[in-house]
Amino acid sequence: MKRMIAFLTISIFAAAVMVVAAGESKPPLRPSQVLMQARAAWMAAMNKNLGDTKLPEGKGQEGKGQADTKADTDKNAGAKKFEAIAKDATAMAAEAQKTGNGLANPVAKEITLSLAALARELSTAASKKDGDLIKTKLGEIKAKCSECHAKIRDKK
Ligand code: HEC
């Protein structure tokens, strides 16, 4: 009887392990990858929510007349989801602040905390519905991502 119970216990355990394993077809992501993929998703969402904007830098360039500028302006006036941008920026700021605080590598820490600061500035810009400033901040954030990827990730 004892052997029977032991056998059943092992069988049920083995079946449970197989069910769990079947659910995970891909290898699990490392925690760092989960964080990074969330950052990439926030960046994509914020860019999308800002709309397909043309920046004012095109204005006044050679070959660009009033009409082009007006078209650019109209494009810039496209649906911008400032609230959604502010929400994502706030979430990214919180994540980067928390992550940065926990980092031991001084270079990674410095970059991640400045990423957090930029994300807070981005959130403020979104609250003020300042599309141009949002675009600037998104560019500065992207530069931080690249800086760390170049200095830390790709050095390994
Ligand atoms: C402080 C350093 C640092 C910063 C800042 C940083 N990254 Fe990364 N990133 C890394 C490292 C290290 C990896 C490799 C992680 C791994 O493979 O475990 C990585 C990997 C990635 C990946 C690949 C994830 C995968 O699935 O393998 C993406 C996408 C990514 N980063 C996006 C971003 C974006 C977007 C930002 C900015 C908003 C950013 N990263 C900021 C260090 C950083």
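What are the ³J(HN,Hα) couplings of the range 109-116, residue after residue, when phi is run through the Karplus curve with 6.51, -1.76, 1.60 and θ = phi - 60°? Round to Hz, x for glycine and proline.
Once θ is set to phi - 60°, the couplings for the range 109-116 become 4, 4, 5, 5, 5, 6, 4, 4 Hz.
Arrange T112, T124 by Cβ neighbour counts within 10 Å, fewest through most, would you?
Fewest to most other Cβ atoms nearby, the residues stand as T124, T112.
Within 10 Å of each residue's Cβ, count the other Cβ atoms and sort L35, L115 from fewest upward.
So the residues, fewest neighbours to most, are L35, L115.
Stretch S25-K129 to full length: gain in nm at 0.36 nm per residue minus the Cα-Cα span?
Length difference between fully extended and current span is 33.1 nm.
Within a 10 angstrom radius of the beta carbon, how do K26, K128, K135, K109 rank from fewest other beta carbons to most?
By the 10 Å Cβ count, ascending, the order reads K26, K128, K109, K135.
Determine, from the Cβ-Cβ distance of A117 and A14 and an R0 of 35 Å, the FRET efficiency 1/(1 + (r/R0)^6), rounded to the nearest 0.05.
Once the sixth-power term is evaluated, E becomes 0.10.
Read the figures in this text as sums done on the coordinates, not as results from a lab. This one's a predicted model, so the numbers in the text were calculated from it and none came from an experiment. Here Cβ is always computed from backbone atoms with ideal geometry, including for glycine, and neighbour counts include all displayed protein chains.
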